[in-house]
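The values are calculated or read from the model by the stated rules, or taken from the named source; none is laboratory data. The shown structure was predicted, so the numbers you read here are calculated from the model rather than taken from an experiment. Heads up, the Cβs are rebuilt from the backbone with ideal geometry, glycines too, and the neighbour counts pull from every protein chain shown.
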Amino acid sequence: MTKDQVEKIINNTAVPHPTLELQLVETHISWVILADSFVYKVKKPVRLSFLNFSTLLKREYYCEQEVLLNRRLAPEMYLGVLAVTDDSGKVTIGGKRGEVIDHVVWMRRMDDSRQMDLLLAEGEVDVGQMEKLAGILARFHKGAKRVRVSETWKELHEEFADISGQATFLEEFYKAGSGVFTEEVIRWGYGFLREIQARIEARKESGFVVDGHGDLHCRNIILEVEPVIFDCIEFSEALRTLDVLNEVAFLCMDLERFGRDDLSEAFLDRYLALTGAIENRTDRLLFLYYKLYRANVRIKVLCIQLKEGEGGSDPKGWELIEKYMLLFKRYYGELKRAWNTG
């Protein structure tokens, strides 16, 4: 599908369910059409280093995968896959006539105002909600597929070290010395992972590496009476396969980005009580490393977005980088001190 065809759907309200209006939200890999009660998500026909939606068959497959995988945590939200047809120029979602030109993920529209990131910004998230969320995630991880073969410590380091590609940009547009500091953390992290590589492998044998969610941050959680976790990574099994500590580290880091260490601690305490996912001192240090890694990834992604957008002139983007960089420095300091005093 093309954007022109998506706009035809919106202009003609060519969806299978009644709605007063349609809105379009665009990301780098999707067109998301918002109706009153439902959402129709179209995958862009793109091929990137980490995904391939370039053909009709691939997009249909990944639509089906998105529904199947997200039903593990959000069964009432993910309703199915619908065809998009073109009948002599009339493009319709769920059409019965014409050529099938694409597919969409059909979802129930949730209350956007209950997104956890929005509620955190308003100070409307409490410890009880985090403990409930921890229970949901613990059950999910206990029931998830165990994976004995996944990325090695060297591959994990390579992913971490990828931020070096942004060192010059950080040095020029963020703060003098930031690029040099980043390279220091990369070098130190290599030695750390090399030293604990046996434990990383042992955790796989113990069942702590699973086919998980892969993108567990606050924007992908709706805080209803029962929290809903949605929008897992469907396009890459490798990115979705991870140590459970890596998964929960993303959420804890994101909570701390909002200055809510109390919520991060409450979530983690409850999760660990239910799963026993930290068995020793090395596990606790590995969890701290994963928080460092997650802050690293957010800095890298934001740098790329700033370079592709306004060349580094977006103040909100730099405000976010500052928050993640403070966490990056904090986690590195904590990890280094803990490792050196062990």
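Restrict the check to the range 235-250 and report whether at least one residue is within 26 Å of LEU48 (Cα to Cα), in contact with a helix residue (DSSP H, G or I) (Cβ under 7 Å, 6 or more places away or on another chain), in contact (Cβ under 8 Å) with a residue 24 or more places away in the chain and among the β-branched types (Val, Ile, Thr).
no
How many of the residues making up the range 96-148 are in a loop (DSSP other than H, G, I, E, B) and in contact with a helix residue (DSSP H, G or I) (Cβ under 9 Å, 6 or more places away or on another chain)?
Result for the range 96-148: 6.
In contact with a Cys (Cβ under 7 Å, 6 or more places away or on another chain) and either over 18 Å from ALA138 (Cβ atoms) or not aliphatic (A, V, I, L, M) (or both): does that describe PHE267?
In short, yes.
Which one of these is free of Cβ contacts under 8 Å to residues at least 12 places away in the same chain and more than 30 Å from ALA202 (Cα to Cα): LEU170, LEU82, LEU118?
Among LEU170, LEU82, LEU118, only LEU118 is free of Cβ contacts under 8 Å to residues at least 12 places away in the same chain and more than 30 Å from ALA202 (Cα to Cα).
Name the residue that is modelled with the lowest pLDDT, counting only residues in the range 171-201 that are more than 12 Å from HIS157 (Cβ to Cβ) and among the aromatic types (Phe, Trp, Tyr).
PHE173
Among the residues of the range 161-183, which ones are exposed (fewer than 13 other Cβ atoms within 10 Å of the Cβ) and either among the acidic types (Asp, Glu) or part of a helix (DSSP H, G or I) (or both)?
GLY165, THR168, GLU172, VAL180
Could you tell me how many of the residues in the range 204-235 are assigned to a helix (DSSP H, G or I) and surrounded by fewer than 21 Cβ atoms within 10 Å (Cβ to Cβ)?
3
Go through the range 180-205 and report how many residues are among the charged types (D, E, K, R) and within 17 Å of LEU245 (Cα to Cα).
5
Give me the pairs: first residue in the range 257-286 and in contact (Cβ under 8 Å) with a residue 12 or more places away in the chain and outside the structural domain of PHE208 (by TED's automatic domain parsing), second residue surrounded by 18 or more Cβ atoms within 10 Å (Cβ to Cβ) and part of a helix (DSSP H, G or I), beta-carbon distance under 8 Å, and six or more apart or on different chains, which are they?
none
For LEU285, which of the numbered conditions (1) over 18 Å from the mean Cα position of the chain (by Cα); (2) farther than 25 Å from PHE140 by Cα fails to hold?
(2)
In the range 276-322, which residue that is of a type in the set (Ser, Thr, Tyr) and more than 18 Å from GLY214 (Cα to Cα) is surrounded by the fewest Cβ atoms within 10 Å (Cβ to Cβ)?
SER313
Looking at (1) at pLDDT 95 or above; (2) assigned to a loop (DSSP other than H, G, I, E, B); (3) over 30 Å from GLY80 (Cβ atoms), find the lone condition where LYS154 falls short.
Among (1) at pLDDT 95 or above; (2) assigned to a loop (DSSP other than H, G, I, E, B); (3) over 30 Å from GLY80 (Cβ atoms), LYS154 violates only (2).
Looking at MET325 and the list (1) surrounded by fewer than 21 Cβ atoms within 10 Å (Cβ to Cβ); (2) farther than 22 Å from HIS141 by Cβ, which single condition is not satisfied?
It fails just one condition, (1).
Looking at GLY98, GLY80 in this structure, which one is outside the structural domain of ASN220 (by TED's automatic domain parsing), more than 26 Å from LEU292 (Cβ to Cβ), more than 26 Å from the chain's Cα centre (by Cα) and not β-branched (Val, Ile, Thr)?
Of GLY98, GLY80, the one residue that is outside the structural domain of ASN220 (by TED's automatic domain parsing), more than 26 Å from LEU292 (Cβ to Cβ), more than 26 Å from the chain's Cα centre (by Cα) and not β-branched (Val, Ile, Thr) is GLY98.
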